[in-house]
Amino acid sequence: MLQFGKEALQSQPFSRLLKASLTRFDTGGTELRIAITDDLKQQHGFVHGGVLSYAADNALTFAGGAALGTAVVTSEYKLNYLRPAIGQEIIARAVAVHAGKTQAACRCDLFVVNEGKELLCAIAQGTIAKLPVAPSNE
């Protein structure tokens, strides 16, 4: 399942731009990592909120996809920023809290790794929806 997830992530141009990597993808949870570079920071020197939002969105969606076992999209999500992300790496860990036939409710914790220590910097929750059919490129 992890290899499938890695291929899906690499098929996303924006994920490649951020150099995101999927390090866990199974029914027990998902982990997405992004190395922090100067290009990902905002004017105050910490990671831009959009990068954290991307990490939460993708981790939630992978967790929902693992639970639903099919092609999915994010239906909605909410993100709370808790502290500035200052460090070397972002880790987004997500799980499906509940999965029905067509949607999954998921939770994500976002950590910044600073000098080897993980610090919680944001939390998110979202609803992931099963696609009725495979999407076309039209």
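The values are calculated or read from the model by the stated rules, or taken from the named source; none is laboratory data. Keep in mind it's a predicted model, so treat the numbers as computed, not measured. Ideal geometry is used to build each Cβ from the backbone, glycine not excepted, and the neighbour counts take in all protein chains shown.
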ask   = Taking the stated definitions as given, is Val95 assigned to a strand (DSSP E or B), under 21 Å from Lys19 (Cα atoms) and in contact with a Gly (Cβ under 8 Å, 6 or more places away or on another chain)?
value = no
key: Unmet requirement for Ile34, which otherwise passes all of (1) closer than 20 Å to Gly126 by Cα; (2) in contact with a Lys or Arg (Cβ under 8 Å, 6 or more places away or on another chain); (3) not in a helix (DSSP H, G or I)   = (1)
request  = Could you tell me which of the residues Ile91, Ile34 is under 25 Å from Ser11 (Cβ atoms), touching a helix residue (DSSP H, G or I) at 6+ places or on another chain (Cβ under 7 Å) and surrounded by 14 or more Cβ atoms within 10 Å (Cβ to Cβ)?
outcome  = Ile34
query = When you go through (1) at pLDDT 95 or above; (2) over 15 Å from Ile123 (Cα atoms) one by one for Lys78, which number turns out not to apply?
reply = (2)
Residues located in the range 8-20, provided they are closer than 15 Å to Thr70 by Cα and surrounded by fewer than 13 Cβ atoms within 10 Å (Cβ to Cβ) = none
